[in-house]
Every structure is written in structure tokens, then in C-alpha cells.
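Asker: What follows is a single structure, and I will ask about it in a moment.
Bear in mind these aren't lab numbers, they're just calculated from the coordinates by the rules spelled out. No experiment lies behind these values; they were computed from the predicted model shown. Cβ placement follows ideal geometry from the backbone for every residue including glycine, while neighbour counts extend to all protein chains displayed.
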Protein chains: 2
Amino acid sequence: MSNLSVRELPVLQPEETVAPCCPPLTERPLSAEEAERTAVMFKALGDPVRLRLFSLIASHEGGEACVCDISDVGVSQPTVSHHLKKLREAGLLTSERRATWVYYKVAPEVVAAMSALLDLRH
Amino acid sequence: MSNLSVRELPVLQPEETVAPCCPPLTERPLSAEEAERTAVMFKALGDPVRLRLFSLIASHEGGEACVCDISDVGVSQPTVSHHLKKLREAGLLTSERRATWVYYKVAPEVVAAMSALLDLRH
DNA sequence: CGTCAATATTGACATCCGTCGAGGCAGGCG
DNA sequence: CGCCTGCCTCGACGGATGTCAATATTGACG
């Protein structure tokens, strides 16, 4: 954990964790394990500050933004950093360092999978 | 709060609270108030037990189920009741008493609004 | 090398939240 | 009426979570 460069922040492979998780929730009940993994994604968006940060990034030019672009959400800088980490760990964001700045962008496949999960057309 | 029959459980009107909330998260940043209201919905699905209960109801015949149909998720009956209440308060479920049983069904408009929120096609 | 700016981490604290057992209420049935 | 079944509410407890100040880290620039 300590010998990893920040240039490639360590995130579990999105494909393996959350992306093609489950069929729409109408198709069949989720297993306990599926529910456990899926809940992490919804929980990540279940906080007002994180939801604002996510929408700030998603609506930003190119679907990415550096932390300095989105830090004005009414909480301290460490708290912003904490929330961005949560969103990244949930697989919803990826990050990349460029010079002094760290850029976050949305992980489209993961977000699309969440959206598909809520597709109620049987 | 005490003079209300259980037959019509008191839920805030979905139309007023969450249903037509916001455009896709890519369109513009959420305001603090929008984020506050929207986070309630995502938080409701951000728990494994609630996610299983929701999928059990959504995948059940007719998109509805009575509590006795879905109580086998590994927690006590009061806890099931607590989670169903959370989902109902978030606007994701509605409930109705029929004889001895209480039936829960998904609120399609609200769930569709959540799905649309995550639609990343700009 | 020293400094500065941007971001992350640590540690502490208060609050929130999931869980359970106990008990309450409503409706069906004898 | 009295009892049983299905579900909800209450109160308590422990663990998770959001927040901040302080500090660390990283990279750019003299």
C-alpha cells in the first residue's frame, strides 16, 4: 500500500467489481453478495456532498475536473478529499495526477450499470 | 401522527419530493437542496438489506409483495419493517394494507427518475 | 536545496444508523 | 370476548460515518 505511486491510484478493476454486476432489479432478487457489492455504489451517491461533487465532475467539460475546480461545496478540503476517495473506491470515479493537480473523471460503464439496474421495463 | 389509520400509510407526495427532481447529472451541477433531496433516494438503496428487499419486491409478481413474502433476508422482523419504512419514506415504495397483510410495491416514476439521473449520454 | 501550492492522510470527535428484544395494535376467527 | 397472526413502534446499544485541524506528501519553481 505504501510503495504505490500516486500517479496510478490503486482502484480495484471496475470490470471485476461492479460494472457488469447484475440484471435489472425487476428480473430476479439480488443475492446477499450481489447486494453487498451493489450497495457500495448507491451508498457512495447517498451523501449530499458526494452527489454534488459527482455532478460537478460529470457536468464539467470533458467529464473530468481537477479538485480545485470543485472544492467549493461548503466543507473543508480534507473532507472533499475524503469524499472523492469514497467515490473512487466505489468505482464511480477514476483519478489521475497531472503536475500539481489531480483530475477526477466519471467511470461511464459503472454509472451505466447502476442506471440499468434501475430500469423497470420488464 | 397517532390518529392516522394504517390503511393509508402517510407518505410525502412523491410528486412533490423526489419524482421530477433533476436533469441528468451530466447536464449541470446539483444545487445543495437538490443534492440533499436526491441523496435520500440513493442512500435508501445504499444498504444491502434494503437493496435485497427492494429487488425482492420489484421482481415479485405484479411488482408488489407482502412483508411475509420477503422477510427472509437474515435480519429480524422489526429490522425488516424499519428498512421498508426507509424505502417508503424515500419515495421508492408505496404500501397498502389488505386484511392482515401489508403489501409493498415499487414507485415506478421515482425509480425511473433515479435511472434518468444516471444517464450519461450528454 | 528551500519554499510554496495542491492534495492526501491521520486522529479525534460527535452524530447517525443498523440491529435487536420487548411490547403494541389491528384484523380474522373461534 | 379472547386468542392468534402479521406487522409496526419503542428504546437501547455498538459500530459506522461525516467533519475538522494538524500534518504529510507530491511536484513545480527559484
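Asker: For region A:31-117, compute the orientation-averaged projected area of the C-alpha convex hull (one quarter of its surface), in nm².
Answerer: In nm², the orientation-averaged hull projection of region A:31-117 is 5.9.
Asker: What net charge do the residues around residue B:87 carry, taking every other residue with its C-beta under 14 Å from that of residue B:87, with Lys and Arg at +1 and Asp and Glu at -1?
Answerer: +4
Asker: If you don't mind, there's one more thing I want to ask. May I ask you to derive the FRET efficiency for residue B:81 and residue A:81 from their Cβ-Cβ distance with R0 = 35 Å, giving the value to the nearest 0.05?
Answerer: About 0.40, to the nearest 0.05.
Asker: Now a separate question. Arranged by the count of other C-beta atoms within 10 angstrom, fewest first, what order do A:109, B:61 take?
Answerer: Starting with the residue having the fewest Cβ neighbours, the order is B:61, A:109.
Asker: Run down the lysines and flag those whose C-alpha is under 22 Å from the C-alpha of residue B:86, throwing out any fewer than 8 positions away in its chain.
Answerer: Excluding near neighbours in sequence, the set is A:43, B:43, B:105.
Asker: Additional query: If r is the Cβ-Cβ distance from residue B:109 to residue A:105 and R0 is 41 Å, what FRET efficiency results, to the nearest 0.05?
Answerer: For residue B:109 and residue A:105, the calculated efficiency is 0.85.
Asker: Among A:110, A:80, what is the fewest-to-most ranking by other Cβ atoms within 10 Å?
Answerer: Placing the least packed residue first, the sequence is A:80, A:110.
Asker: Can you compute the modelled spin-label distance between residue B:89 and residue B:122, with each label point 7 Å from Cα toward Cβ, in nm?
Answerer: About 3.8 nm separates the two model spin labels.
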